[in-house]
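Remarks on the structure that follows.
The values are calculated or read from the model by the stated rules, or taken from the named source; none is laboratory data. Just so we're clear, the structure is a prediction, and the values are computed from it rather than from any experiment. Cβ atoms come from the backbone with ideal geometry, glycine included; neighbour counts cover every protein chain shown.
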Amino acid sequence: MSDPAPHTDRQTWMSLLAKTRPEALAAVWGALDLTPEHALLRGPEIGTVMVQGRAGAVGDGFNLGEMTITRCSVQLGCGTVGHAYVQGRDKDKALQAALVDGLMQTDAAPEVRRVVLQPLAEQAEQRRSKRAAKTAATKVEFFTLMRGED
Amino acid sequence: MYVAVKGGERAIDAAHDWLAEERRGDLSVAELSVAQIREQLSLAVNRVMAEGSLYDPDLAALAIKQARGDLIEAVFLIRAYRTTLPRFGPSRPVETEDMVCDRRVSATFKDAPGGQVLGPTFDYTHRLLDFKLAADGAVPEGDEERAEASAEAMPHIMDFLAREGLVQREEVSGQMPPDLTRTPLELPAERALRLQSLARGDEGFLLGLAYSTQRGYARSHAFVAELRVGKVAVEMDIPELGFAIEIGEVELTECETVNQFQGSKTEPPQFTRGYGLVFGMSERKAISMALVDRALRWKELGEDNVGAPAQDEEFVLYHADNIQASGFLEHIKLPHYVDFQSELELIRKLRREASEEEPPA
């Protein structure tokens, strides 16, 4: 088994940014209204990651198929480096995610957390709980019938 | 043999222009957007992602539009596009135990811990055409507001059998699996390679093979211990960071079958397992994959080869890929003039010789 799921603060926000839809990130990024000075260290570049499954759900890994990923690395004016690996092929999303990652390591962190990360986390939680409720509505109790022969 | 030909450029251009026109269809009917295909033909999108072996719903929807709904042509477009992208690396193996399930059913235990949820299924519908859909697309009100979402975990049902030692254990060596997109498929193939090949294989081909095992060609009497559909986070180790992050999430369908096994020289009687894992919601494919996976495992389980097609890994793995198959199949409609000319000469010569040998009447 691999290590437990990521849960340092930075892993959590990078994971959140990776899974956010581009429009949603663009909206909160716009609301932040910052144009941080930065240099592009890499990308944004589009590529793939080979997704692995496990034989029999718990056994050895096998290659299931690829998914599209866009990655980007930036250096802010202050020298801080931000990285992003995000799902899909949206270069703006990757750049914004890398800037957010950089800014979260600076004094701007509380503001970025309030305007960008918290709304995104709330949206994700809303989507999750709405879907969980839909799933729960289809919960089924099967029962077997006694046969009448004896 | 195909021999290159020249000429025909004008005709080819005109054919492609007409293709674009036919793709668009009647101009008085509104054009389909890629987003409409992604949202409203999602099971077609899922199939193209699974067999195209690239998870990207927008790209799959675009491919379906471009291919006029020909899903194998769409898979071809996705496979071709994939080769233009650099690969950043492998993910960690996804943990389907942590799947956020939209659907989870078991045919073996009615009181499965975590419960059974049907999700958005065609099961138990009457398969009657719904003419209301032709009139408008109104969505019925769901009663999800009244349903209390359960926080109960959904452990794999197979684990309960495994804990009692009633089912064969899965090996974990932690080795990097082979990749048939990087190294040509060679036989004998280990299970990881077979699973990769089946996961991207043609649904119809696997369905036929799986059905053949049910009808008696290498029967293994499969029960669906568990079928689950939902979202799973994909984690990847990021070298420049030195830790793993989630880089996205994918919808997967997973099928675990529990199969009869009489025991062998080395193993006591116990259940065995077949496994299917497919991108998107794709139950028919996942169940088919599990049955074919199980049939292909005869050697490692010490079973007899009864000569059934589904047990023959060369037959299965070399014919499951619909892009390889349609590439070779469809090339025979391209000009083979020189090739055929020689055949024609030959048959004329043989006929001439035959008639010369005939005794005069």
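Side notes on the structure shown:
- Top-ranked residue of segment B:242-254 - restricted to ones that are touching a helix residue (DSSP H, G or I) at 6+ places or on another chain (Cβ under 8 Å), facing chain A (nearest Cβ under 10 Å) and not acidic (Asp, Glu), ranked as surrounded by the fewest Cβ atoms within 10 Å (Cβ to Cβ): B:243
- Filter result for residue A:54 (over 20 Å from residue B:241 (Cα atoms), surrounded by fewer than 22 Cβ atoms within 10 Å (Cβ to Cβ) and in contact with a strand residue (DSSP E or B) (Cβ under 8 Å, 6 or more places away or on another chain)): no
- Among the residues of segment B:224-282, the ones that are in contact (Cβ under 8 Å) with a residue 40 or more places away in the chain, small (Gly, Ala, Ser) and not in a strand (DSSP E or B) come to 2 in all.
- Qualifying positions in segment B:205-229 - within 17 Å of the chain's Cα centre (by Cα) and within 11 Å of chain A (Cβ to nearest Cβ): B:228, B:229
- Any hit, segment B:42-50, residues being within 12 Å of chain A (Cβ to nearest Cβ), part of a loop (DSSP other than H, G, I, E, B), among the small types (Gly, Ala, Ser) and touching a strand residue (DSSP E or B) at 6+ places or on another chain (Cβ under 6 Å): no
- Residues located in segment B:96-126, provided they are of a type in the set (A, V, I, L, M), part of a loop (DSSP other than H, G, I, E, B) and modelled with pLDDT of 90 or more: B:99, B:107, B:118
- Being within 10 Å of chain A (Cβ to nearest Cβ), of a type in the set (D, E, K, R) and crowded, with 22+ Cβ neighbours inside 10 Å holds for only one residue in B:92, B:87, B:104, B:82, and it is B:104.
- Close pairs (8 angstrom Cβ cut-off, 6 or more residues apart or separate chains): within 8 Å of chain A (Cβ to nearest Cβ) and on the phi > 0 side of the Ramachandran plot in segment B:169-187, modelled with pLDDT under 90 and in a loop (DSSP other than H, G, I, E, B) anywhere: none
- Residue count for segment B:315-339, restricted to those that are of a type outside the set (S, T, N, Q), surrounded by 14 or more Cβ atoms within 10 Å (Cβ to Cβ) and either within 15 Å of residue B:73 (Cβ to Cβ) or modelled with pLDDT under 90 (or both): 4
- Near pairs, Cβ below 6 angstrom, 6+ apart or cross-chain, from segment A:47-72 (at the interface with chain B (Cβ under 7 Å from one of its Cβ atoms) and within 17 Å of residue B:197 (Cα to Cα)) to any residue that is assigned to a strand (DSSP E or B) and modelled with pLDDT under 95: A:56/B:273
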